[in-house]
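Data first, discussion second: the structure below is written as structure tokens.
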Amino acid sequence: MSLDFASLSDGELAALSLAGRTAAFAEILRRHREAIYRIVAGSIGDPDEALDLVQETFLAAHGALRRYDPARPMRAWLTTIAINKCRDWGRRRAVRRLIAFALPIDDAAERVAEDRPGHDVEIADREALARTSRAIAGLPSSLREVIVLRTIEGLSQAETAAALGVSEKAVETRLRRGRIRLGEVLGS
């Protein structure tokens, strides 16, 4: 008799995964990868880099599965890991930018040419989406994370507070400030 992994709880899947059942972790991945991708992509504003960070998130989660508390929702735990991966990525990116300024201009010109967006960006809806994504990605991380989790992902105020390790009041304040900043950027 084979197990129906789809019918098991996240806690049961975590226990089975720790016992060596790779199909159990595959089910965790299947359940949560799209939501984690949306969180990461919304946080960093780069869909291609988001794929790599989602992979890093699940690799880290697999390695830390012994620390998962089955009393907590798996998605909140994975969200915390994903947000930390986004923060690490942001720090690495800042260092790369700093180093890039020290490179010769010829190298910088090649990077600019490679970063040119494709022709499909000409569609008005995609332009608006890209502009909004850039505006969100340009927010300070404390505001961006709250916007992504509450507005884009639809997490409750309590879930967002738990994922970020802040109070619900801080989530409310950051959400308001983030929306004001986005209005200023997008309205201009």
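Given R₀ = 35 Å, FRET efficiency for ARG30-THR132 by Cβ-Cβ distance, to 0.05? Please report the intermediate quantities before stating the final value.
Details: r = 29 Å, r/R0 = 0.82.
E between ARG30 and THR132, to the nearest 0.05, is 0.75.
For segment 1-83, which trypsin sites (Lys or Arg not before Pro) are both in a DSSP coil and crowded by at most 15 other Cβ atoms within 10 Å? Please report the intermediate quantities before stating the final value.
Numbers: sites: ARG21, ARG30, ARG31, ARG33, ARG38, ARG66, ARG67, ARG75; in loops: ARG21.
Counting only loop positions with at most 15 other Cβ atoms within 10 Å, the trypsin sites (Lys or Arg not before Pro) in segment 1-83 are ARG21.
For LEU3, list long-range residues whose amide hydrogen, built 1.01 Å from N in the peptide plane, is under 5 Å from its own amide hydrogen.
none
Residue by residue through segment 45-52, what is 3J(HN,Hα) from phi via Karplus (6.51 cos²θ - 1.76 cosθ + 1.60, θ = phi - 60°)? Round to whole Hz and write x for glycine and proline.
x, 9, x, 5, 5, 4, 4, 5
Taken together, the values in this text are just the output of simple stated rules run on the coordinates, not laboratory data. Keep in mind that this is a model prediction, so the values were computed, not measured. Ideal geometry is used to build each Cβ from the backbone, glycine not excepted, and the neighbour counts take in all protein chains shown.
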